[in-house]
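The structure appears right after this line, and notes come after that.
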């Protein structure tokens, strides 16, 4: 935790590794799917910029789809000085990809998982 003069908070976003590296699907801290549509680079290296824009998936008229508009830092943070459930923590694993990876490949003969 870093003390920013206002009490103890999580590390500042610029002190964290980058998670959001381009458009695509990511997962939030609370397990929701996020589709990032655009990632803008900061205007200056020392600037804290929330340049990743996209939407969290929600149920809309009976199906899941990206709804609304959100901004994230390249570190995945949705707020500068605290961790939130909507923070991005990694790439989204599509359920079909996870299932395919767990199925044994009959050509391997030993039941080793198949990864693509």
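Any idea which of (1) exposed (fewer than 14 other Cβ atoms within 10 Å of the Cβ); (2) more than 11 Å from the chain's Cα centre (by Cα); (3) part of a strand (DSSP E or B) is the one residue 44 doesn't satisfy?
(3)
I'm trying to understand the selection: among the residues of the stretch 15-41, which are outside any strand (DSSP E or B) and over 16 Å from residue 58 (Cα atoms)?
15, 16, 17, 18, 19, 20, 21, 22, 23, 40, 41
Please enumerate the residues belonging to the stretch 47-70 that are more than 17 Å from residue 23 (Cβ to Cβ), in a loop (DSSP other than H, G, I, E, B) and modelled with pLDDT of 90 or more.
Listed by number, the residues that qualify are 61, 62.
Hey, among 22, 31, which residue is free of Cβ contacts under 8 Å to residues at least 24 places away in the same chain and closer than 12 Å to residue 87 by Cβ?
That would be 31, the only listed residue that is free of Cβ contacts under 8 Å to residues at least 24 places away in the same chain and closer than 12 Å to residue 87 by Cβ.
Would you check if residue 86 is modelled with pLDDT of 90 or more, in contact with a helix residue (DSSP H, G or I) (Cβ under 8 Å, 6 or more places away or on another chain) and in a loop (DSSP other than H, G, I, E, B)? Spell out the reasoning first.
Numbers: modelled with pLDDT of 90 or more: yes; in contact with a helix residue (DSSP H, G or I) (Cβ under 8 Å, 6 or more places away or on another chain): no; in a loop (DSSP other than H, G, I, E, B): yes.
Taking the combined requirement at face value, the residue does not satisfy it.
The values are calculated or read from the model by the stated rules, or taken from the named source; none is laboratory data. Since we're looking at a predicted model, the values are computed, not measured. All Cβ positions, glycine included, derive from the backbone under ideal geometry; neighbour counts span all protein chains shown.
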